[in-house]
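Notes to accompany the following structure.
The values are calculated or read from the model by the stated rules, or taken from the named source; none is laboratory data. Just so it is clear, the structure is predicted and the values come from calculations on it, not from any experiment. In this analysis, Cβ positions are derived from the backbone assuming ideal geometry, glycine residues included, and neighbour counts consider all displayed protein chains. We work out accessible area using only protein heavy atoms, side chains counted, and drop any ligands, DNA or RNA first. Shrake-Rupley method; radii C 1.70, N 1.55, O 1.52, S 1.80 Å.
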Amino acid sequence: MLKPSGPGIYDIIQAFRGVNSSFLTDQHVPGADLTGKWIIITGSNNGIGFEAAKSLAAMGANMILACRNPPAWEMHPTAAVEECRAISNAQGHSSTIEWWEIDMADFDSVEEFCARWIKCDRPLDILCNNAGVAPPAQDIVTKDGFEMAHQVNLLSQVLITLRLLPSLARSAEPRIVCTTSCIHHLGLFDLDHFHGGPWKKGNDYQDNKLYYQMWVIELQSRLLRHPEYLHITVNGVNPGFVASSIWTPLTTATDLPTHVLKLLLRFFAITPQQGSLAITHAATSPELGPDPHTQRVGAPNGRGGGKYINRIWEAPARSICYDAEARSAIWTKLDEELKLRDKGLLDVLGL
């Protein structure tokens with residue numbers, strides 16, 4: 001019986017280490033030649049997702065900017081596409097860059113997006129699961145019946161990944177980059193309240209980031225049991241404390257916590273461009289890909305996979321992330337909520 005587990009002093013220290021404002025340059029993240037590669041990056045019209053998309057465009061990638069029709073304070077995806085195309089063209093590339101609409105708060109939208117991609121019959125080289133929402137001021141329930149942050153930051157991330165795994169498997173060196181967070185160190189592992197709810201008083205965000213990082217490690221371990229998936233790399237990345245519009249809904253109030261948040265964003269947060277380097281590093285770094293000779297990940301003579309990356313540096317995840325029983329329990333919970341087995345996603349993929 002797995003008991004609820006909260007953070008300890010060591011976890012709090014690790015969470016603060018994730019709030020890292022070190023300035024990174026092209027020497028730290030030189031990138032790679034992505035000409036001809038296909039990348040899907042969610043939440044890429046805004047913040048770190050948009051900055052990562054611009055960097056990947058400069059490297060020659062073909063990209064699908066997977067975004068919702070956004071609120072007024074965010075750039076519209078059509079404008080993001082135009083800017084990425086201009087960057088790509090300026091570097092001498094003739095890449096395909098498009099906006100495909102997806103709403104991570106709507107499972108039907110996620111399914112439609114995945115079906116559209118599969119119908120294209122292309123290998124997918126890199127999936128960047130970047131879309132996310134900040135903890136809302138009040139509980140919002142989606143049409144699918146889940147708390148908003150739980151569905152957007154966890155459930156839909158799992159669904160899109162498993163749906164696209166067959167396409168990723170067709171690529172020579174596929175990668176999955178998942179934007180988790182250093183805040184996962186402060187999450188509460190509690191299977192009895194896995195889906196969140198009002199009793200948690202806004203703690204869903206760090207809890208879901210914890211479950212997400214646990215799932216990342218568990219997914220990699222399960223991929224390694226199947227020969228057709230040995231070459232897929234999946235890692236969780238912490239972009240740092242970033243001053244992006246993800247915080248905009250939380251900065252409209254006039255109470256003390258809001259003023260504190262504004263001060264932290266002004267004086268301690270890094271820019272979206274700096275935060276985006278966590279994504280581009282995980283997507284392009286040789287150390288986080290398969291071994292070039294064996295095409296294996298995480299096995300003897302393999303590299304990368306199942307890691308927590310604090311910006312561009314490998315770091316320890318929360319200790320419970322390495323508990324195989326706890327990770328398996330998270331996998332079971334996700335199966336129950338997403339009905340993965342009923343959808344054929346577990347049987348067909350052999351996971």
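Numbers below:
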quantity: Dipole in debye (nearest 20) - the chain, about Cα centre, beta carbon charges: Lys, Arg +1; Asp, Glu -1; calculated: 560 debye
quantity: Restraint check, Lys54/Lys209; Lys3/Lys209; Lys119/Lys143; Lys143/Lys307, Cα-Cα greater than 28 Å; calculated: Lys143/Lys307
quantity: Longest DSSP-loop-exposure-free segment, chymotrypsin sites (Phe, Trp or Tyr not before Pro), the chain, at most 15 other Cβ within 10 Å; calculated: 74-267
quantity: Under-5 Å amide H pairs with Ile41, H placed in peptide plane, nonlocal only; calculated: Ile64, Ala66, Cys128
quantity: Residues with amide H under 5 Å from that of Arg311, placed H, sequence gap 5 or more; calculated: Asn238, Gly240
quantity: Per-residue [θ]222 nm for the chain (sum of -39500 (n - 2.57) over DSSP H runs n ≥ 4, rounded to 500); calculated: -11500 deg cm²/dmol
quantity: Contact order normalised by residue count of the range 1-84, Cα under 8 Å, 6+ apart, percent; calculated: 26 percent
quantity: Rounded percent of accessible protein surface that carbon and sulfur make up, the range 1-85, 1.4 Å probe; calculated: 56 percent
quantity: Residues whose placed amide H lies under 5 Å from that of Ile97, excluding near-sequence neighbours; calculated: Met63
quantity: Hz values of 3J(HN,Hα) by residue in the range 330-336 - Karplus curve (6.51, -1.76, 1.60), Gly and Pro given as x; calculated: 5, 4, 5, 4, 5, 4, 5
quantity: HN-Hα J in Hz across the range 169-177 - Karplus 6.51, -1.76, 1.60, θ = phi - 60°, x for Gly and Pro; calculated: 4, 7, 7, 6, 9, x, 9, 10, 10
quantity: Integer Hz, Karplus 6.51/-1.76/1.60 couplings in order for the range 33-47, x for Gly and Pro; calculated: 7, 10, 4, x, 6, 10, 10, 10, 10, 7, x, 9, 9, 7, x
quantity: Label selected from (i) 18.9, 58; (ii) 24.6, 75; (iii) 19.6, 63, the criterion being Rg and Dmax of the Cα atoms in Å as computed here; calculated: (i)
quantity: Spatially proximal aspartates and glutamates relative to Lys343 (Cα-Cα < 17 Å; intrachain offsets below 8 disregarded); calculated: Asp106, Asp108, Glu111, Glu112, Asp144, Asp335
